[in-house]
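Notes for the one structure printed next.
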Amino acid sequence: MGMRVLAAGSAVLAVGIVAVGTGMAVSSSARPEGDTAARSAPRTAARRTTKTAAPGATAAASPAVRVTEDICTAPAAYRALAAKLSADIEGALRGRAGRYGVTVYDAVTDVSCHAGSSQHFDSASIVKVIILAALLRWHQETGTPLSDWEEDEATLMITQSDNDAATALWDEVGMSRLQHFLDLAKMNETQLGQDGYWGLTQVTAHDEMLLLELLTLPNSVLSKSSRSYELGLMSQVIPSQRWGTPAGAPGDVTVQVKNGWLPDGTGWHINSLGAFTGKDKNYMIVVLTDDNPSEQYGIDTVEGVARLVHQDLNEAASAASS
């Protein structure tokens with residue numbers, strides 16, 4: 001169930017934003033994240049209604065004006081927060097081996113950050129969030145509830161990262177319905193894994209943020225009940241798999257997470273998606289990495305980014321409420 005085993009090598013599709021680290025030689029005989037029998041700027045266009053500020057513009061110019069601070073953009077009133085997030089994210093990544101794709105979006109302040117957000121990465125088990133979302137969309141369209149079997153498999157797949165359950169649901173939903181969901185979600189940069197290798201789906205931080213937004217914000221693709229169901233499972237991930245983007249999250253937010261881990265001939269792929277909701281709080285973090293010299297190294301990189309994002313957003317929220 002979500003075993004960390006050696007996996008088939010795969011092609012890397014994009015050039016990194018930082019130096020590539022030392023690869024770890026591993027076997028290529030097993031399939032992604034499972035035993036040998038298993039197969040395996042980031043905001044929706046509808047909300048891009050504000051304009052980028054001219055150089056030197058201030059918050060007094062217009063509440064609709066957006067400003068850019070390096071890798072982050074924000075309404076002019078939140079320029080300082082954007083600058084802090086940008087500096088902290090880049091600082092956390094500076095000097096780290098490997099490739100990274102990062103997106104952050106705070107729905108309360110409308111601050112968003114992206115670095116390497118259109119680079120492609122092997123998904124490993126974060127694709128399981130897509131599988132469940134596609135299953136839920138299919139049932140919305142047919143007007144039928146999930147079967148008891150589907151609920152059992154979905155629970156195993158998300159909360160324990162069970163690979164057999166993922167394979168079963170991947171096969172049930174099928175490639176055409178999976179692609180249909182991606183099309184509806186406008187996740188145009190995502191390329192589904194072929195020949196049953198769901199763990200080799202090519203994902204980007206941009207598209208994974210679109211997915212988290214679909215789960216946390218009202219939209220026409222996933223109903224409120226579908227969103228609540230999937231987020232509910234993501235909030236129940238077993239303790240041993242709650243590393244990554246939850247690192248540094250305050251106690252007053254609900255943590256919804258899904259991680260993926262996969263070694264190949266260049267090192268470790270370590271990916272983490274997190275949605276964090278609570279009173280006056282709704283923000284999301286995506287960190288995708290590969291070419292990590294060890295599994296723990298990749299986890300440390302993800303958590304180094306996450307801790308600073310949590311700190312910055314929650315300090316800003318505290319200041320706004322005081």
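The values are calculated or read from the model by the stated rules, or taken from the named source; none is laboratory data. On a predicted model such as this, the values are computed, not experimentally measured, just so you know. Every residue, glycine as well, gets a Cβ built from its backbone with ideal geometry; the counts of neighbours run over all protein chains shown.
One table, with the values for the structure above:
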item: Region 191-218, residues that are in a loop (DSSP other than H, G, I, E, B) and either at pLDDT below 95 or surrounded by fewer than 23 Cβ atoms within 10 Å (Cβ to Cβ) (or both); result: LEU192, GLY193, GLN194, ASP195, GLY196, TYR197, LEU217, PRO218
item: Scan of region 275-302 for residues that are part of a strand (DSSP E or B) and either more than 21 Å from VAL203 (Cβ to Cβ) or among the aromatic types (Phe, Trp, Tyr) (or both), ordered by number; result: PHE276, THR277, GLY278, LYS281, ASN282, TYR283
item: Flag for ASP264 being at pLDDT below 95 and in contact with a Leu (Cβ under 9 Å, 6 or more places away or on another chain); result: yes
item: Sole residue being of a type outside the set (A, V, I, L, M) and at positive phi, chosen from SER147, SER161; result: SER161
item: Flag if GLY95 is surrounded by fewer than 24 Cβ atoms within 10 Å (Cβ to Cβ) and at pLDDT below 95; result: no
item: Residues of region 219-250 satisfying the condition of being more than 15 Å from the chain's Cα centre (by Cα) and either modelled with pLDDT under 95 or of a type in the set (Phe, Trp, Tyr) (or both); result: TYR229
item: Positions within region 264-274 being over 15 Å from THR204 (Cβ atoms) and either within 19 Å of the chain's Cα centre (by Cα) or hydroxyl-bearing (Ser, Thr, Tyr) (or both), in sequence order; result: THR266, TRP268, ILE270, GLY274
item: Check on SER322, at pLDDT 95 or above, small (Gly, Ala, Ser) and either surrounded by fewer than 24 Cβ atoms within 10 Å (Cβ to Cβ) or within 23 Å of ALA97 (Cα to Cα) (or both); result: no
item: Set SER240, SER235, SER226: member being of a type outside the set (Asp, Glu) and more than 26 Å from SER112 (Cα to Cα); result: SER240
item: Residue match in region 303-313 (condition: part of a loop (DSSP other than H, G, I, E, B), more than 22 Å from MET157 (Cβ to Cβ) and among the basic types (Lys, Arg)); result: no
item: Top-ranked residue in region 126-144 [being of a type in the set (Val, Ile, Thr) and under 28 Å from THR289 (Cα atoms); ranked as nearest to the chain's Cα centre (by Cα)]; result: ILE126
item: Selection from region 145-190 of residues that are surrounded by fewer than 16 Cβ atoms within 10 Å (Cβ to Cβ), in a loop (DSSP other than H, G, I, E, B) and under 22 Å from the mean Cα position of the chain (by Cα); result: LYS186, ASN188
